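A quick write-up on the structure given underneath.
Just so you know, all these numbers are worked out from the coordinates, no wet-lab data involved. All values reported here derive from a predicted model rather than from experimental measurement. Neighbour counts run over all protein chains shown; Cβ positions are idealised from the backbone, glycine included.
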Amino acid sequence: MAARAHDVAVLALRGRSACLNFADSAWRLPIPSSASDADIRAVAIEAAEVFRQACKEGASSSSSGLEHEEA
């Protein structure tokens with residue numbers, strides 16, 4: 001989550017020259033409406049939360065898949 005938030009912030013501050021944690025998925029990140037601290041922070045939190053939700057959903061679907069195979 002922190003790495004996703006970092007990517008949002010560094011893209012907003014440095015643009016295309018930013019060094020990203022997940023460069024292959026930069027297109028998926030939300031873009032802040034301005035370079036203000038508050039806007040960057042809000043969008044970074046949003047990106048981290050989306051990533052957290054995706055991880056939770058992936059974990060629950062993979063565990064339910066294992067249960068299904070065992071039954």
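Taking K and R as +1 and D and E as -1, what net charge do the other residues with C-beta under 12 Å from the C-beta of Ile31 add up to? Walk me through the numbers on the way to the answer.
Numbers: positive: Arg28; negative: Asp7, Asp39, Glu46.
Result for the neighbourhood of Ile31: -2.
Give me Rg over Rh for segment 2-59, both radii from the alpha carbons and Rh done the Kirkwood way, two decimal places. The partial results should precede the final answer.
Working: Rg = 11.1 Å, Rh = 11.4 Å.
Looking at segment 2-59, the ratio lands at 0.97.
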